[in-house]
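The structure appears below as C-alpha cells.
The values are calculated or read from the model by the stated rules, or taken from the named source; none is laboratory data. Everything numeric here is computed off the predicted structure, so don't read it as measured data. Virtual Cβ from ideal backbone geometry, glycine too; neighbours counted across all protein chains shown. Only protein heavy atoms, including side chains, enter the accessible area calculation; ligands, DNA and RNA are left aside. Shrake-Rupley method; radii C 1.70, N 1.55, O 1.52, S 1.80 Å.
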Number of protein chains: 2
Amino acid sequence: MAQLAVYPVGNYTFGSKPPKFEKDSSVATRMDRLKDKYSREGLRRSVDAVLVVHEHGHPHLLVLQMGASFFKLPGGRLRPGEDETEGLLRKMTGLLAPPADTMRPDWRVADLLGCWWRPNFENMMYPYCPPHIARPKEQRRIFLVALPERCYLSVPKNMRLVAVPLFEVYDNIARYGPVISAIPALLSRFNLSLVGRAVPSLVAGLAAAQAVAQQAVAQQQQQQQQQQLVQYGQQQPTAAGAGQQAPLQPQKAGITVSLSGVAAPQPQQQQQAQPMQTHYQQDDDLLVDFDA
Amino acid sequence: MAQLAVYPVGNYTFGSKPPKFEKDSSVATRMDRLKDKYSREGLRRSVDAVLVVHEHGHPHLLVLQMGASFFKLPGGRLRPGEDETEGLLRKMTGLLAPPADTMRPDWRVADLLGCWWRPNFENMMYPYCPPHIARPKEQRRIFLVALPERCYLSVPKNMRLVAVPLFEVYDNIARYGPVISAIPALLSRFNLSLVGRAVPSLVAGLAAAQAVAQQAVAQQQQQQQQQQLVQYGQQQPTAAGAGQQAPLQPQKAGITVSLSGVAAPQPQQQQQAQPMQTHYQQDDDLLVDFDA
C-alpha cells in the first residue's frame, strides 16, 4: 500500500503575493477561449495538484478559493509539448511559491490519482471519455504532490488557500465540483501517515475535558458579571439573563492552528465546545489572515 | 500510466451454478451479525474485485445484481489472518468460477484501487476513517482484477451478472451505492486498452448508416403493409396511420453481444436506431439468458 507522510497544517507558513486573475469572467467566455485554443492546438492538457495536510487527526486538502463558492486545485494548462511534472511544478510555483526563488518549497510530484475528460465545450468533466466522443476537448490529470515537512507558501491576494477536511469534500459535487469531491476516494488507497498527530482518543478526551473546564470558567464569569450588574443596579440576576450570556469561545484542544477553516455550508455559529467539528467553523476567520 | 488490457464482453462465456444466498435478510440483522463478529474478531476486513470488460467502445464493470436494485462487487469478508489476494481469489472463485476446477479463470489481482471504512454498525461507508472514530468496524479494500482474454464464468442462480457501463455508475450513489459509483474515478488513472475495439468514429458511422438503412426498410415495409391493408379494404393509407407504425427493432452495429445490459433507470422503450445508448436497453433481456 502506497504511503504518504502528511504533516500538520501548523507546519506551514502562509503569506500573500500579488493577485493572479482568472482569464475569463464567465463560463461562456471561458468556453469560447477553449474553442479558439482547441482549433489551433487540439486537445487541451491540464494538470492539478492534490496537497494534503492534517488537522484534528484528519487529512485536509489545500484548495484555492476564489469568491464565496469557487474552489479549484492548484494547477493549470500545460503548454503544447510540455512535460506533465514540469508543467505542474511551474503552475504550482506561480500559484503558491513565495516570490523569492530561494524559498521555493521542496514539493515532489508523487502519484497520478485520476484523469478527467471534457467531452465538449461545456463545463462538465467526467472520469472517462464518453463512448461516442472521438475527440475530447480537454484531459485533466490529477497528481498527488508530497509537501515537505515545513515550507512557506504564498497565495495570490485575490485567492484564499483553505484547508478542507476530506469529510467535507466527499460526495459534495454541488459545492466542490466533481473533481475535488472525488479526491477522498482517489486518496483512499494510500496509507496517509499523519506525522505528529495526537492520538484520536486523546484528542477527543482533551476536548471533552476542556469543554467541561470552559463551561466552569464561563459559569464563573457569568456569575462575576452578574454580580457586577447587580452592584451597579442595572439588572437583576435571573435565569433568563444568564441564558442569554454568550459562552466563551472554546480554545483549541492542544493543537496549534495557523491556517485552517472550511467555508462551511452552515452559517457561522458560536457554540459551546464540542470535540471536533465546531473548530472548523470557529477557525473560519483565520482564513483571511494570510498577510503574515 | 498504469495499463490494463480490457477485452470485449463477448469474449466471456457465462453459465449458472447453484444459488448462493445472502446470510442476512435485512440490514438490521446484518448489523447485528457484524456486531457479534466484531466483538469476537475485531475489525472486519473485506475485499472486492473490479472486473472490466468493454462493449460499444466503452468500459463496463461486471457487477452482481440481486433482486431489482441491489448491486455488489464480487468479493467478501476475509477470514482472520487471511491474505488479501488469496481471500479475494477464494471469494471470486465461490461467486464466479465454474464448478470444475479445470475451468477456473486465470484472473490476476492487479492493483489496489481504494479503501472504504465503516465507522459504525451502520450501512454507510466512507473512503476515509472519520476523525473521531478510533475503532472503525470494517475496512473494505477494492482491487482491480485483470481478466484473461477469454474464460468461462458461472453465476449463482439467484444472482445476475450485469455489465454496466462506466457512464451509468458514475455519480449514481442512489442506485449503485458509494463504492461502485466511485469506480469510474478510481479507474481513471489507468490506461484501459480496449482490445479488439472498433474505432469509435467507425462505430458511430456504422450505427448512423444502419439507422438510415433501417428507416428505409421500415418505410418500405410500412408501404407494403399499407398496400396490403388497402387491398383488403381495412384501412385507407393516411399519414397518421403511417405514424403509428412501430419502427423496426434496430440491429447491433456490427458488434457481437453475448451478455450485456444495464438495468436502466428509464423504462424500456422501442426507439428508432440511435448510435449508442438504445442498445443497452434493447439488450436488457439477454441478462436472464445465463443458462447457456
Within the bounds of the stretch B:85-96, is there any residue that is in a loop (DSSP other than H, G, I, E, B) and within 19 Å of residue A:1 (Cβ to Cβ)?
-> no
If you go through the stretch B:182-196, how many residues are in contact with a Gly (Cβ under 7 Å, 6 or more places away or on another chain), crowded, with 23+ Cβ neighbours inside 10 Å and not small (Gly, Ala, Ser)?
-> 1
Which ones in the stretch B:169-190 are β-branched (Val, Ile, Thr) and farther than 22 Å from residue A:111 by Cα?
-> B:169, B:173, B:180
Could you check, for the stretch A:27-39, whether at least one of its residues is among the aromatic types (Phe, Trp, Tyr) and open to solvent by less than 60 Å² (accessible area, probe 1.4 Å)?
-> yes
Leading residue by the ranking (surrounded by the most Cβ atoms within 10 Å (Cβ to Cβ)) among those in the stretch B:1-18 that are among the small types (Gly, Ala, Ser) and not in a strand (DSSP E or B) = B:10
Restricting attention to the stretch A:1-48, which residues are more than 16 Å from residue A:96 (Cβ to Cβ) and touching a Phe, Trp or Tyr at 6+ places or on another chain (Cβ under 6 Å)?
-> A:2, A:4, A:31, A:34, A:35
Can you find a residue in the stretch B:89-101 that is open to solvent by 60 Å² or more (accessible area, probe 1.4 Å), without any contact (Cβ under 8 Å) to a residue 40 or more places away in the chain and either of a type outside the set (S, T, N, Q) or touching a strand residue (DSSP E or B) at 6+ places or on another chain (Cβ under 7 Å) (or both)?
-> yes
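Residues B:162, B:179, B:169: which one is within 26 Å of residue B:67 (Cβ to Cβ), crowded, with 17+ Cβ neighbours inside 10 Å and away from chain A (no Cβ under 11 Å)?
It is B:162.
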For the stretch A:124-135, does any single residue satisfy the condition of being among the aromatic types (Phe, Trp, Tyr), in contact with a strand residue (DSSP E or B) (Cβ under 6 Å, 6 or more places away or on another chain) and open to solvent by 50 Å² or more (accessible area, probe 1.4 Å)?
-> yes
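Do you know which residues across the stretch A:112-140 are in a strand (DSSP E or B) and facing another protein chain (nearest Cβ under 8 Å)? Break it down into steps so the answer makes sense when it comes.
First, the residues of the stretch A:112-140 that are in a strand (DSSP E or B): A:112-118, A:126, A:138-140.
Within the stretch A:112-140, A:112, A:113, A:114, A:115, A:116, A:126 meet the criteria.
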So is residue B:9 of a type in the set (Val, Ile, Thr), in contact with an Asp or Glu (Cβ under 6 Å, 6 or more places away or on another chain) and closer than 18 Å to residue B:192 by Cα or not?
-> yes
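Yes/no per residue for (1) away from chain B (no Cβ under 14 Å); (2) in contact with a Gly (Cβ under 9 Å, 6 or more places away or on another chain):
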{"position": "A:4", "(1), (2)": "no, no"}
{"position": "A:15", "(1), (2)": "yes, no"}
{"position": "A:18", "(1), (2)": "yes, no"}
{"position": "A:35", "(1), (2)": "yes, no"}
{"position": "A:57", "(1), (2)": "no, no"}
{"position": "A:61", "(1), (2)": "no, no"}
{"position": "A:80", "(1), (2)": "yes, yes"}
Any idea how many residues of the stretch A:141-159 are open to solvent by less than 20 Å² (accessible area, probe 1.4 Å) and more than 11 Å from chain B (Cβ to nearest Cβ)?
-> 9
Might you check whether a residue that is part of a helix (DSSP H, G or I) and at pLDDT below 95 occurs anywhere in the stretch A:180-200?
-> yes
Flag if residue B:163 is modelled with pLDDT under 95 and outside any loop (DSSP other than H, G, I, E, B) | no
